[in-house]
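Have a look at the structure below, then the notes.
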Amino acid sequence: MISEDPSVGVVIRTRDRPVFLARALASVQAQRFRNWHVVLVNDGGEPGPVEALLEPEEDGAVIAASRVTVLHLDPGVGRSAAFNRGLAALDTDFVTCLDDDDTWDPAFMEALLAFWAEAAPSVPALGGVACGVTAMIEEIVPRGAGADIRVLGSEPLPRSFQRQDFLLRPLAYACYRHDLYPVQWMLQRDLAVKAGGFPEDFDVMEDRAFMNRFLTRHNVALLDRPLARHHRRRERTTDQTRSVMMNTLDNPSYDWRRYADLARATGRMGSGAAMQGLFADLLSEVNYETSAIWQKINGEATDLRSRLNAIEARLAPLPTEPKEDQSQPGAGHVLYDIWHAFSGQQIAYPIGPHTPFAKRFILSQGFTQPGTLFFLSEGAQRFEVQIPEIRDFAAIEFSLDGLADDVAALTWHLTLYAERGFLFETALSCWVQDADGARQHQFLESHVHSCPPGRMHAVTRRFERAHLDAGEGARLSVILPRQARNFHFCSTGFVLEAS
């Protein structure tokens with residue numbers, strides 16, 4: 001029975017990751033709903049860094065120590081048992097599971113409790129609620145003896161996280177057609193206890209095994225608001241061991257195939273009601289898959305139409321624009337014009353990341369791959385770079401070294417052509433030194449642009465002296481769309497003016 005003034009328990013499992021833990025605790029502290037308590041389970045990690053986050057400082061601790069119960073487990077007991085220890089230490093109405101590297105929106109608890117109050121009267125056997133999620137990509141930046149977290153942006157969610165159902169479907173969840181992370185849910189604590197908590201013989205996917213059992217008895221309603229953030233490290237796919245900083249659920253060191261099958265619920269055929277529910281779920285899945293097939297066919301047809309349009313645009317003469325719109329739209333002194341710099345030349349060769357090409361240009365990308373090619377023709381007025389795979393980040397950058405030392409402001413005129421449209425960013429990049437003397441790479445004055453298919457697109461950016469003096473090694477950056485394959489960058493004009 002939920003009280004009139006409901007309380008929320010938060011179980012946080014951690015081990016030697018204070019940089020993540022501080023962020024997770026701050027995420028709880030920022031909740032607009034205030035009747036919560038945290039059980040922090042330090043599963044075999046050093047106690048000192050954990051206790052330090054709770055000690056008062058000049059501006060206060062990360063989170064009030066009175067609102068946190070700390071369990072130091074030595075030796076550690078493993079992921080599942082650590083959650084269960086935290087669950088047993090709570091006496092709240094609801095329980096949540098916030099892994100130490102995940103975070104919440106400040107409205108997470110408030111919105112889910114309001115959603116519970118709205119849904120409970122009409123949803124039978126409602127055992128919990130969950131919200132939507134945003135998948136965040138980040139990287140670890142070493143800083144002295146520690147590290148900082150740099151969030152790079154979000155990444156697309158699998159289709160199983162994008163369904164529009166009001167209730168979490170048991171059969172769909174068991175078959176990975178419907179999914180959610182622990183950071184998304186809020187369950188009745190007593191029901192989570194009765195369901196047995198996380199199975200302690202599971203080393204991974206323990207939350208799935210638990211939720212499969214929970215769904216045999218209770219419904220979970222879904223709020224269509226992305227109030228949870230699931231964080232992933234960019235380097236996770238190359239981390240072959242359980243390193244402290246990179247450890248994630250999709251770490252290739254896990255025997256995920258074994259646990260994926262073991263996590264499926266069993267013993268669901270014990271009654272006519274269970275059979276009826278199973279067949280209803282099965283019918284829903286058939287309908288969902290039929291709809292998915294139609295969407296796939298429709299999407300492929302749309303893609304084919306787009307490809308045909310691109311082929312027609314490629315066969316047509318290259319569009320032209322008035323010269324003054326491409327390279328000389330302003331009245332300032334021209335510092336650099338790519339076609340003057342390479343007058344009468346045509347050059348082409350393979351390129352690699354962080355190695356200058358065409359004198360001042362650099363491809364910024366975190367890995368080397370064959371098939372990254374460069375072509376420049378002054379006669380055709382085409383500057384092209386072919387990149388087989390972009391993954392998390394790639395940028396075409398231009399070094400300003402020695403070019404803009406004495407100008408009051410710099411105006412950049414860039415003209416692009418694309419057979420297939422895309423979104424991109426332009427920015428001024430530089431290295432900035434922080435108060436501790438560490439050098440941090442930053443993008444200043446970043447703007448998003450849309451390059452339409454089959455057309456020229458002109459961009460004009462202006463950077464004041466204060467921007468140019470903000471750091472060292474200033475570059476003009478064209479930040480390319482993430483996760484693109486066989487990407488073709490084509491510029492027909494690149495001009496810098498002093499003003």
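Bear in mind these aren't lab numbers, they're just calculated from the coordinates by the rules spelled out. Computed from a predicted model, the values in this text were never measured in an experiment. So basically every Cβ, Gly included, is an ideal-geometry build from the backbone, and we count neighbours across all protein chains shown.
Taking 4 °C and 1.567 mPa s as the conditions, I'd like the Stokes-Einstein D for the stretch 8-268 in µm²/s, using the Kirkwood hydrodynamic radius from alpha carbon pairs.
The calculation lands on 69 µm²/s.
For the stretch 477-490, what does the Karplus curve 6.51 cos²θ - 1.76 cosθ + 1.60, with θ = phi - 60°, yield as ³J(HN,Hα) per residue in whole Hz, taken in order and with x for Gly and Pro?
The phi angles translate into 10, 10, 8, 7, x, 5, 6, 7, 10, 6, 7, 10, 9, 9 Hz.
Please state the charge dipole magnitude for the stretch 73-213, taken about the Cα centre, from unit charges on C-beta atoms (+1 on K and R, -1 on D and E), reported in debye and rounded to the nearest 20.
520
Highest mean first, what order results for 352-359, 166-173 on Cβ atoms within 10 Å?
The packing order, highest mean first, is 166-173, 352-359.
Rounded, prolate or oblate: which fits the stretch 66-135 when a ≥ b ≥ c are the square roots of the eigenvalues of the alpha-carbon gyration tensor, with rounded for a/c under 1.5 and prolate only if a/b beats b/c?
Here the stretch 66-135 falls in the prolate category.
Run through every distinct alpha carbon pair of the stretch 175-237 and return the Kirkwood hydrodynamic radius in angstroms, one decimal place.
13.4
Collect residues whose amide H, placed 1.01 Å from N in the peptide plane, falls under 5 Å from the amide H of residue 372; neighbours closer than 5 in sequence don't count.
Under 5 Å from the amide H of residue 372 lie the amide H atoms of 351, each far enough along the sequence or on another chain.
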